[in-house]
1. For A106 and L172 in one chain, what is 0.36 nm times their gap in residues minus the Cα-Cα distance, to one decimal in nm?
2. Order the peptides 79-92, 47-60 from the highest to the lowest mean number of other Cβ atoms within 10 Å of their residues.
3. In whole Hz and in residue order, list the ³J(HN,Hα) couplings for segment 109-120 that follow from phi through the Karplus curve 6.51 cos²θ - 1.76 cosθ + 1.60, θ = phi - 60°; x for Gly and Pro.
4. Which ³J(HN,Hα) values, rounded to whole Hz and listed in residue order, are derived for segment 80-90 from phi using the Karplus coefficients 6.51, -1.76 and 1.60 in 6.51 cos²θ - 1.76 cosθ + 1.60 with θ = phi - 60°, glycine and proline given as x?
5. At a 10 Å Cβ-Cβ cut-off, how would you order M169, M113, M32, fewest neighbours first?
6. Could you give the length gained by full extension between F95 and V52, i.e. 0.36 nm per residue of separation minus their alpha carbon distance, to one decimal place?
7. Can you work out the Karplus-derived ³J(HN,Hα) for every residue in segment 176-192? Use 6.51 cos²θ - 1.76 cosθ + 1.60 with θ = phi - 60°, whole Hz, and x for glycine or proline.
8. Quickly work out the Q192-to-I44 label distance, labels modelled 7 Å from Cα along the C-beta direction, and quote it in nm with one decimal.
Amino acid sequence: MAKRAKRRPASSWPWWKVVPLTVVVFGFFGAMLGFLPPVSSATIRLGLLLSVPVIIAVLWSWWTYNWWARLAAVGLWTLQFLAIAMRGWSIVLGFTWLWLAPILSAYILAWAMPALNPRLSAILWGEQVAPRTRVGRTVLGLALAVGPSAGVIGASVGMFGSRFGGTDMVILAIAALSSAVAIGFAFAFAYQVWPDRPWATQAASSKQA
């Protein structure tokens with residue numbers, strides 16, 4: 001049986017707190033897939049089913065905190081946002097390369113950016129966490145205001161937005177927000193996880209030896 005990593009986040013939490021909290025939080029993000037109008041119980045079940053690997057990866061990361069577990073946890077979580085975005089865009093625009101290609105390309109590029117161009121990634125990361133430009137400060141402010149509540153906003157609007165009309169605009173807003181969160185989180189997680197990749201740390205250790 002693998003030992004628990006002492007430096008993992010929430011290392012002092014017992015399993016009986018971590019497991020239910022993880023199931024509720026990531027199960028909620030999974031269920032959001034079916035909350036977009038028209039609300040579909042089948043899509044909610046699909047979203048909950050897709051949340052199972054996310055929950056497993058997050059618990060694996062909490063227990064071991066190894067690099068692969070961390071990558072799986074954050075990667076699968078961003079895919080939940082991407083799935084919500086894709087359903088939203090498909091409801092409004094249908095499945096078309098008009099939106100599918102740019103969003104998927106941006107998502108993949110966000111994950112690959114730290115490996116492809118570390119210098120540009122450092123600049124972009126700096127603008128995210130400590131922006132020096134006006135645009136960067138504006139984006140950071142919006143992210144801090146909207147990002148943590150994106151899930152609640154999406155679920156609430158999905159369940160009640162159609163009652164007030166403008167359903168297509170509501171779904172379009174959710175799709176755009178979810179796309180931005182998926183791409184933004186993908187880059188942020190990739191930038192933080194990539195430097196700790198095992199083969200890089202092993203190479204550094206061999207050079208020092």
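Please treat every number below as a calculation from the coordinates, not as lab data. This structure is a prediction, so every number in the text was calculated from the model and none was measured. Cβ atoms come from the backbone with ideal geometry, glycine included; neighbour counts cover every protein chain shown.
1. 22.0 nm
2. 79-92, 47-60
3. With the stated coefficients, segment 109-120 comes to 5, 4, 5, 8, 3, x, 7, 6, 8, x, 5, 5 Hz.
4. Here the 3J(HN,Hα) series is 4, 5, 5, 5, 4, 4, 5, 5, x, 4, 5 Hz.
5. Values: M169 11, M113 19, M32 27.
Neighbour counts put them in this order, fewest first: M169, M113, M32.
6. 12.9 nm
7. Ordered by residue, 3J(HN,Hα) equals 5, 5, 5, 4, 5, 5, 4, 5, x, 5, 4, 5, 4, 5, 4, 5, 7 Hz.
8. 3.1
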